[in-house]
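First comes the structure, then the notes that go with it.
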Number of protein chains: 4
Amino acid sequence: MLEKLREEVYKANIALPTHGLVVFTWGNASGFDPDSDLFVIKPSGVAYEELTPSNLVVCDLDGNVVEGDLNPSSDTPTHAVLYKAWGDRIQGVVHTHSSWATSWAQAGKSIPCYGTTQADYFYGDIPCMRSLSQTEIEGAYEAETGNVIVDGFAEKNLNPLSIPGCLIRNHGVFSWGTNSNEAAYHAVVMEECAKMALHTEQINPDVKPAPQFLIDKHYERKHGKNAYYGQK
Amino acid sequence: MLEKLREEVYKANIALPTHGLVVFTWGNASGFDPDSDLFVIKPSGVAYEELTPSNLVVCDLDGNVVEGDLNPSSDTPTHAVLYKAWGDRIQGVVHTHSSWATSWAQAGKSIPCYGTTQADYFYGDIPCMRSLSQTEIEGAYEAETGNVIVDGFAEKNLNPLSIPGCLIRNHGVFSWGTNSNEAAYHAVVMEECAKMALHTEQINPDVKPAPQFLIDKHYERKHGKNAYYGQK
Amino acid sequence: MLEKLREEVYKANIALPTHGLVVFTWGNASGFDPDSDLFVIKPSGVAYEELTPSNLVVCDLDGNVVEGDLNPSSDTPTHAVLYKAWGDRIQGVVHTHSSWATSWAQAGKSIPCYGTTQADYFYGDIPCMRSLSQTEIEGAYEAETGNVIVDGFAEKNLNPLSIPGCLIRNHGVFSWGTNSNEAAYHAVVMEECAKMALHTEQINPDVKPAPQFLIDKHYERKHGKNAYYGQK
Amino acid sequence: MLEKLREEVYKANIALPTHGLVVFTWGNASGFDPDSDLFVIKPSGVAYEELTPSNLVVCDLDGNVVEGDLNPSSDTPTHAVLYKAWGDRIQGVVHTHSSWATSWAQAGKSIPCYGTTQADYFYGDIPCMRSLSQTEIEGAYEAETGNVIVDGFAEKNLNPLSIPGCLIRNHGVFSWGTNSNEAAYHAVVMEECAKMALHTEQINPDVKPAPQFLIDKHYERKHGKNAYYGQK
């Protein structure tokens, strides 16, 4: 089932430790198939070195296991909520506790856009979402985490394709993209930008974000109608 | 003697440089066998690349060598005190000078619980124990280090299974677990959380610890009666 | 065409990820042939592991492709401007978003010369150039980036051979040298000095730059008429 | 000539990049033979991967080349001064620009002894020596660097065996030991302690050095008459 997607999601999962974003099993990647409304996700608590395309788990949009012998990631309901809301545009999701970005999440601060490294992929700040309430945490915690993301983006009028990731307060990172490898890529971008943003503020405590027209230029030269970065 | 435990403790020792927690010989792991009241520990000052399961040293709970040609770790009496007090629950102990956690120990500060990365393994702050007195240091120094841990946990009414590690003021890190590999795992958790905690405070000097109900949720989903993380 | 230069520029490009200066495709190196007024540059958005000497792109000083099937780096016009102005002395150019140096660029601060590590290669501060105007960014952006460098060096009366690199505000790093490998080397120097400069200021907020006579001594013993460092 | 010493010094030099203390050729190690009053040292500006035991250079205590086709390290006169003064006790010297320790040197601050990691090898602070004067820098610069170390240790009444390294203001690190491998070991210790000391101060700006009796205990258990660390 979903052989090709399994291969892709396997690679996206392996990219996380390769890029130094996860320690032990502290991360997971999934990929969504809009035709079947199913997604493939890492099993819970399984070491990356024991991961194979075939031991990934297939789930439906309610987070039920459709294929697989192992329990899916405990964060599965968060992935499901994101695909339910944005599955027409977003077909890959990644969760990590990567060190620098998680430090911003723990600090409860959005990462300001201080330069083109961030603007090449994020059209502005990387937002830190609101805290979950006690009721949300004691209820359907992982699904509520997804709701906080989707509702927050709607309230702030943010397009998930132009802001492909966010921080979960006191927790960690979610990123996404048009496929799981792009979601993993954006998780790397977030980590690099998080690290540089702290150092930027330490070098110059009065620093201001990059001017909007520079953000426009860089985001557009990669993602706009007349994009000219890369080979197509 | 204790062949299987030797294998396990060997792996736990090797995990320390593999995870970047030790430089040269600045760390050691041990594992306890509650049936014989003996533990297996790294020999003192031996390079990790020269370590084998068979050159580990077997000691009794008074720290006497029962089997082995080499001197056991100079920290052996600390391990012995921990097993004497908690050996019914704790069967692995690790000591390191890992960089970020040791910086907190040198600063004399407990590591606040700023997020779920810590709450997944530590049910609250990672405590920095009180300084040893001059008399304790000039006396049975390494045993007194163990006493400071055991007495400190008793005074603060902390359960060593839910707070599986602590900082030794001006010195370094001790961690533990139900076996030596879990103790090494907790040493990695401490190092990651120590690093993120400093950066969290640098990003937001007014930051508060994570709310207790979030700590409850994460600790319980991994370790509680109804735990649902992982494969069992 | 330019077989030997292709080999050299290939190696300079590969040196960037090897030294930890680039993530994904966030960097590029080029080399200039003053006889033909052509330069060889990395193709845009191509992964370093897919790079070969033969898929590099040959461009003229107006940034037109003279040989190659791939699009050249989107930063090609910046390289072209630098060779046009300084091609008699500068035959290698490198661009990166290396983490520490880019943090200084984002902070809008020149890197003070705090010691001999910097003075061995940079005869003074590593300058952060002025911001590009909105008009410049919305116009021939990449060429204007080159103009800001060349004009800035002229205004400050800086010799590009003795200050072989600079920071682009809110963006990243350009470095150069008598060939592309030297340009890559200088990019490494900038990253190391950027990291140490922040830590130096954190250790001592009142620190002053190194005295001019120490800078003179170190720069001269490597690059002066009576240089005595190295084997010739 | 001095075959065995060449082997040892070769290994000490290789240890420097292996432990992440040097970038490119920014470091060197030497070893002294007290019988012949000669020392073996790295050639100047030669890449570590091109180093062999046989291309090391043999010098006398005036820094003259006695054997070897290559120029010795430009820092050779500093090594010579140290052996001249302390060659009865010190038979290995290392120079690096390692990142964290050099940041302290650039900041002009001694590294306080905040814990046992430092006290295990340094009996107190790691001193930052006074700045060289303009006359010293413009004169026999490298020999004067050695004089600043030797004279500074005499003035402060420091024993080079119990404080096996120091910082050179606005420059970098010198360390030493009873042989070249021990000198390299102490360079690693300095880098680790420099990193932790900054983080310690960042975690707790009011931190005080470790109590003297703890420093005594740790230094003595490794180096004192009744030392009990290690295998003999």
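When only residues in the stretch C:103-121 that are at the interface with chain A (Cβ under 7 Å from one of its Cβ atoms) and not in a helix (DSSP H, G or I) count, which is surrounded by the fewest Cβ atoms within 10 Å (Cβ to Cβ)?
Taking the candidates together, the pick is C:Gly108.
Would you pick out the residues in the stretch C:164-214 that are touching an Asp or Glu at 6+ places or on another chain (Cβ under 7 Å) and of a type in the set (Val, Ile, Thr)?
C:Val207
Which is open to solvent by 50 Å² or more (accessible area, probe 1.4 Å) and within 14 Å of chain A (Cβ to nearest Cβ), of C:Ala140, C:Ala154? Give the steps one after another, and end with the answer.
On the way: C:Ala154 fails: within 14 Å of chain A (Cβ to nearest Cβ).
It is C:Ala140.
Cβ contacts < 8 Å: first residue more than 8 Å from chain A (Cβ to nearest Cβ) and under 15 Å from A:Ser131 (Cα atoms), restricted to the stretch B:198-221; second residue among the aromatic types (Phe, Trp, Tyr) and crowded, with 22+ Cβ neighbours inside 10 Å, any location; separation 6+ or different chain. Result?
That search, which allows pairs on different chains as well, returns B:Pro209/B:Tyr114.
Suppose the filter is open to solvent by 10 Å² or more (accessible area, probe 1.4 Å), in contact with a Gly (Cβ under 9 Å, 6 or more places away or on another chain) and away from chain C (no Cβ under 14 Å); does D:Ala85 pass it?
Answer is yes for this residue.
Which pairs turn up if I take residues in the stretch D:122-137 that are within 14 Å of chain C (Cβ to nearest Cβ) and look for partners that are assigned to a helix (DSSP H, G or I) and at pLDDT below 95 with beta carbon separation below 7 Å, at least 6 apart in sequence or on another chain?
D:Ile137/C:Lys217
Regarding the stretch D:90-97, can at least one residue be identified that is within 12 Å of chain C (Cβ to nearest Cβ) and among the polar types (S, T, N, Q)?
yes
Within the set of pairs 6 or more residues apart or between chains, which connect a residue that is free of Cβ contacts under 8 Å to residues at least 60 places away in the same chain inside the stretch D:85-114 to a residue that is of a type in the set (Val, Ile, Thr) and surrounded by 24 or more Cβ atoms within 10 Å (Cβ to Cβ) with Cβ atoms less than 7 Å apart?
Close Cβ pairs (under 7 Å, with a partner that is of a type in the set (Val, Ile, Thr) and surrounded by 24 or more Cβ atoms within 10 Å (Cβ to Cβ)) amount to D:Ala107/C:Thr200; D:Ser110/D:Ile126.
So in the stretch B:222-232, with the set limited to residues that are more than 24 Å from the chain's Cα centre (by Cα) and more than 7 Å from every other protein chain (Cβ to nearest Cβ), which one is farthest from B:Pro160 (Cα to Cα)?
Filtering first and then ranking leaves B:Lys232.
Looking at the stretch A:23-33, which of the residues that are surrounded by fewer than 22 Cβ atoms within 10 Å (Cβ to Cβ) and out of contact with any Asp or Glu (no Cβ under 7 Å at 6 or more places or on another chain) is nearest to A:Val57 (Cα to Cα)?
First pass over the stretch A:23-33, keeping only residues surrounded by fewer than 22 Cβ atoms within 10 Å (Cβ to Cβ): A:23-26, A:33.
Among the residues that remain, those that are also out of contact with any Asp or Glu (no Cβ under 7 Å at 6 or more places or on another chain) are: A:24-26, A:33.
Numbers: A:Phe24: 19, A:Thr25: 16, A:Trp26: 17, A:Asp33: 13 Å.
Out of the qualifying residues, it is A:Asp33.
Answer yes if at least one residue in the stretch D:173-196 is within 30 Å of B:Ile203 (Cα to Cα) and free of Cβ contacts under 8 Å to residues at least 24 places away in the same chain, and no otherwise.
Within the stretch D:173-196, the first condition is being within 30 Å of B:Ile203 (Cα to Cα), and the residues that meet it are D:188-196.
Subset that is free of Cβ contacts under 8 Å to residues at least 24 places away in the same chain: none.
Taking every residue of the stretch D:173-196 in turn, none turns out to be within 30 Å of B:Ile203 (Cα to Cα) and free of Cβ contacts under 8 Å to residues at least 24 places away in the same chain.
Return the pairs, sorted by first residue and then second, in which the second residue is in a loop (DSSP other than H, G, I, E, B) and among the polar types (S, T, N, Q), the first residue lies in the stretch C:10-31 and is touching a residue at least 40 places away in the same chain (Cβ under 8 Å), the beta carbons are less than 6 Å apart, and the residues are 6+ apart or on different chains.
The qualifying pairs are C:Leu21/C:Ser98; C:Asn28/C:Ser73.
Based on what the data block shows, is D:Lys195 crowded, with 19+ Cβ neighbours inside 10 Å, basic (Lys, Arg) and under 20 Å from D:Ala105 (Cα atoms)?
Yes; evaluated as a whole, the condition is true for this residue.
Quick grid of which residues meet (1) within 14 Å of chain C (Cβ to nearest Cβ); (2) more than 17 Å from the chain's Cα centre (by Cα); (3) among the charged types (D, E, K, R); (4) at negative phi:
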| site | (1), (2), (3), (4) |
| --- | --- |
| D:Leu2 | no, yes, no, no |
| D:Ile14 | no, no, no, yes |
| D:His19 | no, no, no, yes |
| D:Ser30 | no, no, no, yes |
| D:Phe39 | no, no, no, yes |
| D:Gly45 | yes, yes, no, no |
| D:Leu61 | no, yes, no, yes |
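Can you work out which of the residues in the stretch A:171-187 that are open to solvent by less than 10 Å² (accessible area, probe 1.4 Å) and either over 9 Å from the mean Cα position of the chain (by Cα) or within 10 Å of chain C (Cβ to nearest Cβ) (or both) is nearest to A:Asp88 (Cα to Cα)?
So the residue we want is A:Ser180.
Which numbered condition trips up A:Ile163, out of (1) away from chain B (no Cβ under 11 Å); (2) more than 13 Å from the chain's Cα centre (by Cα)?
Tallying (1) away from chain B (no Cβ under 11 Å); (2) more than 13 Å from the chain's Cα centre (by Cα), A:Ile163 fails exactly one: (2).
Look at the stretch B:1-60 and say how many of its residues are in a loop (DSSP other than H, G, I, E, B) and within 18 Å of B:Glu142 (Cα to Cα).
Of the residues in the stretch B:1-60, 5 are in a loop (DSSP other than H, G, I, E, B) and within 18 Å of B:Glu142 (Cα to Cα).
Being closer than 23 Å to D:Trp86 by Cα, crowded, with 17+ Cβ neighbours inside 10 Å and free of Cβ contacts under 8 Å to residues at least 40 places away in the same chain is the filter here; which residues of the stretch D:41-60 pass it?
Result: D:Ile41, D:Lys42, D:Pro43, D:Val57, D:Cys59.
The values are calculated or read from the model by the stated rules, or taken from the named source; none is laboratory data. Treat the numbers as computed from the prediction; the structure is a model and nothing was measured. Glycine gets a Cβ as well: all are built from the backbone with ideal geometry, and neighbour counts include every protein chain shown. Calculation scope for accessible area: heavy atoms of the full protein, side chains included, ligands and nucleic acids excluded. Shrake-Rupley method; radii C 1.70, N 1.55, O 1.52, S 1.80 Å.
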